[in-house]
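Since every read-out is calculated from the coordinates, none of them should be taken as a lab result. In this text the structure is predicted, and so the values were computed from the model without any measurement. When we count neighbours, we look across all protein chains shown, and the Cβ atoms used for this are built from the backbone with ideal geometry, even at glycine.
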Amino acid sequence: MKTVYVCGSFKFMDKMRELERELKKENIEFMMPKKKSRRGILGCLERIGETDLVYVVNPDGYVGKSVCIDIGYAYAKGKPIYVMYPIEDPEAMGMVKRALSFEGLINFLKHGST
């Protein structure tokens, strides 16, 4: 089974925790950013390198500057990127495979299809 790095703006931490509970319930391996990490964005980039794909929690299509860095890094590393909702910026959205709901992500991670 694939390992996913879950990221998003910290203002969406409640939604990220909701997904965390679902992933744990389904025994899916994942990593998430740590809010008080001393490594900051570098820690996030290291975790992206350790996973198979990236999922962006982005209600209403919003991504902040740090998440844009995550997306660009994942893209450069050849990691597939999925988002909760299409990103407002067409350039950033061009790096994304597709938008998936939490349910769609879990189905993909467990069965390889969306």
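Would you kindly state the longest site-free stretch of the chain, with sites defined as trypsin sites (Lys or Arg not before Pro) in a DSSP loop (not H, G, I, E, B) surrounded by at most 15 other Cβ atoms within 10 Å? Segment 40-76 is the longest.
Note that segment 82-90 has calculated 3J(HN,Hα) couplings of 10, 10, 5, 9, x, 7, 4, 7, x Hz, one per residue in order, obtained from phi through the Karplus relation 6.51 cos²θ - 1.76 cosθ + 1.60 (θ = phi - 60°); glycine and proline are x.
About its Cα centre, segment 4-111 has a charge dipole of approximately 440 debye under the convention of +1 per Lys or Arg Cβ and -1 per Asp or Glu Cβ, with nothing else charged.
Which order results if Cys44, Cys68 are arranged by neighbouring Cβ count within 10 Å, fewest first?
Cys68, Cys44
In terms of surrounding Cβ atoms within a 10 Å radius of their Cβ, Tyr75, Tyr55 rank from fewest to most as Tyr75, Tyr55. If a spin label sat at a point 7 angstrom from the Cα of Asn27 along the line to its beta carbon, the backbone N atoms of segment 71-114 nearer than 15 Å would be those of 110-111.
Just one of (1) 107, 9, 5; (2) 37, 18, 11; (3) 18, 16, 14 is semi-axes √(5λ) of the Cα gyration tensor in Å calculated from these coordinates, so which is it? Derived directly from the coordinates: (3).
Summarising the amide proton neighbourhood of Val63: residues at separation of 5 or more, or on other chains, whose placed amide H is nearer than 5 Å comprise Glu88. Coupling constants for segment 2-14 follow from the phi torsions by the Karplus curve (6.51 cos²θ - 1.76 cosθ + 1.60, θ = phi - 60°), and in residue order they are 6, 9, 10, 9, 9, 9, x, 4, 4, 6, 9, 4, 4 Hz; glycine and proline get x.
Residues whose amide H lies under 5 Å from that of Met31, counting only those 5 or more places away or on a different chain, are Val4, Tyr5, Val6; hydrogens are built 1.01 Å from N in the peptide plane. For segment 1-97, applying the loop criterion from DSSP together with a ceiling of 11 other beta carbons within 10 Å to the GluC sites (Glu not before Pro) yields Glu50.
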